[in-house]
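For reference, the structure discussed in these notes is given below.
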Amino acid sequence: QVQLVESGGGLVPPGGSLRLSCAASGSIFSINSMGWYRQAPGKQRELVAAITRGTNTNYADSVKGRFTISRDNAKNTVYLQMNSLKPEDTAVYYCNAAVKSGWGSKYYNYWGQGTQVTVSS
């Protein structure tokens, strides 16, 4: 079993910054891609940013230039630095990771429980 635990959400005024962290633990042999998704009320969950094990990154157009995703493979942790936050960034942010639990197993997707980010004055 694999667990993803997010931290770092909260309330921040427009223009502010937050840093989200997500640590993976449990039965982990290898982690391929890691990423952050978000879901605002009444909307579908959407990709915010993703990073491969080789540190190639992909961002939603709406966050390019403001958000930065990074990872520490030794700690099985992914981060999301969010700057110049806007009210439309308000959502529950979910961590995602593709994890292999053994040498011969497949990669499976796991999700964190979500952390609330609210951008408001």
In whole percent, and with a 1.4 Å probe on the protein chains, what portion of the accessible area of the chain is carbon and sulfur?
48 percent
Could you tally the net charge around residue 75, taking each other residue with its Cβ under 15 Å from the Cβ of residue 75, Lys/Arg +1 and Asp/Glu -1?
+1
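Summing Lys, Arg as +1 and Asp, Glu as -1, what charge do residues with Cβ under 9 Å from the Cβ of residue 34 carry, residue 34 excluded?
Values: positive: 53, 71; negative: none.
The answer is +2.
If the viscosity is 1.567 mPa s and the temperature 4 °C, what Stokes-Einstein diffusion coefficient in µm²/s follows for the chain when Rh is the Kirkwood radius over Cα pairs? Display every interim value, and only then the final one.
Details: Rh = 14.5 Å.
Answer, rounded: 90 µm²/s.
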From the phi angles alone, apply the Karplus equation (6.51, -1.76, 1.60; θ = phi - 60°) to the range 68-84 and give each ³J(HN,Hα) in whole Hz, x where the residue is Gly or Pro.
9, 9, 8, 8, 10, 5, 5, 9, 6, 10, 10, 10, 9, 8, 10, 10, 6
What's the longest uninterrupted piece of the chain once you rule out the chymotrypsin sites (Phe, Trp or Tyr not before Pro) that are loop residues per DSSP with at most 13 other Cβ within 10 Å?
30-102
Principal axis dimensions, largest first and in whole angstrom, of the range 14-81 by Cα:
37, 25, 19
Skip the ligands, DNA and RNA, and give the accessible area per residue of the chain with a 1.4 Å probe, whole Å².
53 Å²
Using the structure shown, list the pairs from 43/100; 75/106; 43/75 with a Cα-Cα distance above 25 Å, or answer none.
43/100; 43/75
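The values are calculated or read from the model by the stated rules, or taken from the named source; none is laboratory data. These numbers come from a predicted model, not from an experiment. Neighbour counts run over all protein chains shown; Cβ positions are idealised from the backbone, glycine included. Note: areas computed on protein heavy atoms with side chains; ligands, DNA, RNA excluded. Shrake-Rupley method; radii C 1.70, N 1.55, O 1.52, S 1.80 Å.
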